[in-house]
Amino acid sequence: MSQTPPDLSVVIPAYDEEHRLGAALAAVGRHLDTTGLTWEVIVADDGSADGTAALAARAALADPRVRLLAGRANRGKGHAVRRGVLASRGRQVLFTDADLATPIEDLHLLRERLAAGACAAIGSRACPGARVEVPQRAARRILGTLGNLLIRTLAVPGIRDTQCGFKLFDGEKARAAFAPARVDGWAFDVEILRLFARAGWRVDEVPVRWSHRAGSKVRPHHYLRVLTEICGVIAR
C-alpha cells in the first residue's frame, strides 16, 4: 500500500448488499478513474449474512485500491461508517450508500464546496435545485419530513436534509469528528454534523440528484429508534 495518502477515500457501508454492491463498486471505480484523483474505496461490511463480504474481498483482490472491513456482527449503519472513516487515509472522505441513490457523478458538486472553503459538503434533497427523480412512497416521505423538522429544530438548525447518504468531508476533520462519535444507528449523520457545528467547521448543503431505490433497510419502526438516538445526541 502506498504511504502517500490518496486524494479521496470513499466509504461504502454495506449490510446484505451482494445484489448491488458489485455494480456500485464498478460505477464508482469507473467514474473516479476519469477524475485524475488518487483514490481508495473502503467497503465497511456490517455483519452481512449474505455474500457481501465475499464479493468485496474479490473486488479487493482485483483492485488494491478497494479494501474490505469485515464486520462480525450487525452493529448498525453508523458503526459501519465510523469504522470506514477511521480506517480511511484520504485527504477527503466521501460517504455514499451502496445503492448510489445519488449518482457518484455528482461528487464534483461537493468537491467544489470544499475547494471554496467548506469543511463538509452534504448532498441534499431539500435544497433549491435538488432533483428527486424517483420519490419515496408517501408514508415514508411524511415520516422523513417530520423527522427532518425535528432535527432542524433541535439538533442542527439550518440544515434541511441531514439524512441523504452522500457526504464529503475534509479527511482530517472527518476522522477527528468520527473518533468520539457514539451513535451506531441511523442518526449518526446528525451526531457528526452537530460535532462539526460545535467545532465551528463550515458545512455546506448541496443540491444533488436522488432516486429512491428498492431494498431500503429502514423500516417504519426504525423511526422510533432514530428519535431516541437524536434525543441522546441533543442531551450530550
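The values are calculated or read from the model by the stated rules, or taken from the named source; none is laboratory data. Because the structure is predicted, anything quoted here is derived from the model rather than measured. Cβ atoms come from the backbone with ideal geometry, glycine included; neighbour counts cover every protein chain shown. The area values use the complete protein model at the heavy-atom level, side chains included, leaving out ligands, DNA and RNA. Shrake-Rupley method; radii C 1.70, N 1.55, O 1.52, S 1.80 Å.
Conditions (1) of a type in the set (S, T, N, Q); (2) modelled with pLDDT under 95; (3) under 19 Å from residue 192 (Cβ atoms), marked per residue:
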position: 95; (1), (2), (3): no, no, yes
position: 118; (1), (2), (3): no, no, yes
position: 126; (1), (2), (3): no, yes, yes
position: 129; (1), (2), (3): no, no, no
position: 132; (1), (2), (3): no, yes, no
position: 136; (1), (2), (3): yes, yes, no
position: 149; (1), (2), (3): no, yes, no
First in segment 17-36 and within 15 Å of residue 6 (Cα to Cα) and among the polar types (S, T, N, Q), second anywhere and open to solvent by 20 Å² or more (accessible area, probe 1.4 Å) and not in a helix (DSSP H, G or I), Cβ under 9 Å, 6 or more apart
35/7
Flagged in segment 113-129 as in contact (Cβ under 8 Å) with a residue 12 or more places away in the chain and in a helix (DSSP H, G or I), in numbering order, are 113, 114
One residue is enough: does segment 71-78 have a residue meeting the conditions more than 23 Å from residue 228 (Cβ to Cβ), in contact with a Lys or Arg (Cβ under 9 Å, 6 or more places away or on another chain), crowded, with 16+ Cβ neighbours inside 10 Å and modelled with pLDDT of 95 or more?
no
Exactly one condition in (1) farther than 21 Å from residue 190 by Cβ; (2) in contact with a strand residue (DSSP E or B) (Cβ under 9 Å, 6 or more places away or on another chain) is false for residue 120; which is it?
(1)
Can you tell me which condition residue 181 does not meet? The list is (1) assigned to a loop (DSSP other than H, G, I, E, B); (2) modelled with pLDDT of 95 or more; (3) more than 23 Å from residue 109 (Cβ to Cβ); (4) open to solvent by 10 Å² or more (accessible area, probe 1.4 Å), and all the others hold.
(4)
Is it fair to say residue 37 is surrounded by fewer than 18 Cβ atoms within 10 Å (Cβ to Cβ), of a type in the set (A, V, I, L, M, F, W, C), modelled with pLDDT of 95 or more and not in a strand (DSSP E or B)?
yes
Does segment 96-106 include one or more residues that are touching a Ser or Thr at 6+ places or on another chain (Cβ under 8 Å) and part of a helix (DSSP H, G or I)?
yes
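Would you be able to say whether some residue in segment 38-45 is in contact (Cβ under 8 Å) with a residue 24 or more places away in the chain and over 19 Å from the mean Cα position of the chain (by Cα)? Walk me through it before giving the result.
First, pick out the residues of segment 38-45 that are in contact (Cβ under 8 Å) with a residue 24 or more places away in the chain: 38-45.
When the remaining residues are screened for being over 19 Å from the mean Cα position of the chain (by Cα), the result is 38.
Looking for residues that are in contact (Cβ under 8 Å) with a residue 24 or more places away in the chain and over 19 Å from the mean Cα position of the chain (by Cα), one finds at least one in segment 38-45, hence yes.
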Neighbours by Cβ (under 7 Å, 6+ apart or cross-chain): first from segment 197-208, modelled with pLDDT of 95 or more; second assigned to a loop (DSSP other than H, G, I, E, B) and open to solvent by 50 Å² or more (accessible area, probe 1.4 Å):
205/160; 207/128; 207/129
Which of the residues belonging to segment 12-42 are more than 17 Å from residue 58 (Cα to Cα) and β-branched (Val, Ile, Thr)?
34, 35, 38
Name every residue in segment 168-204 that is over 13 Å from residue 78 (Cβ atoms) and either within 14 Å of the chain's Cα centre (by Cα) or β-branched (Val, Ile, Thr) (or both), in order of residue number.
168, 169, 170, 171, 174, 175, 203
Conditions first: (1) touching a strand residue (DSSP E or B) at 6+ places or on another chain (Cβ under 7 Å); (2) part of a loop (DSSP other than H, G, I, E, B); (3) small (Gly, Ala, Ser). Residue 49 passes all but one, so which condition is the exception?
(1)
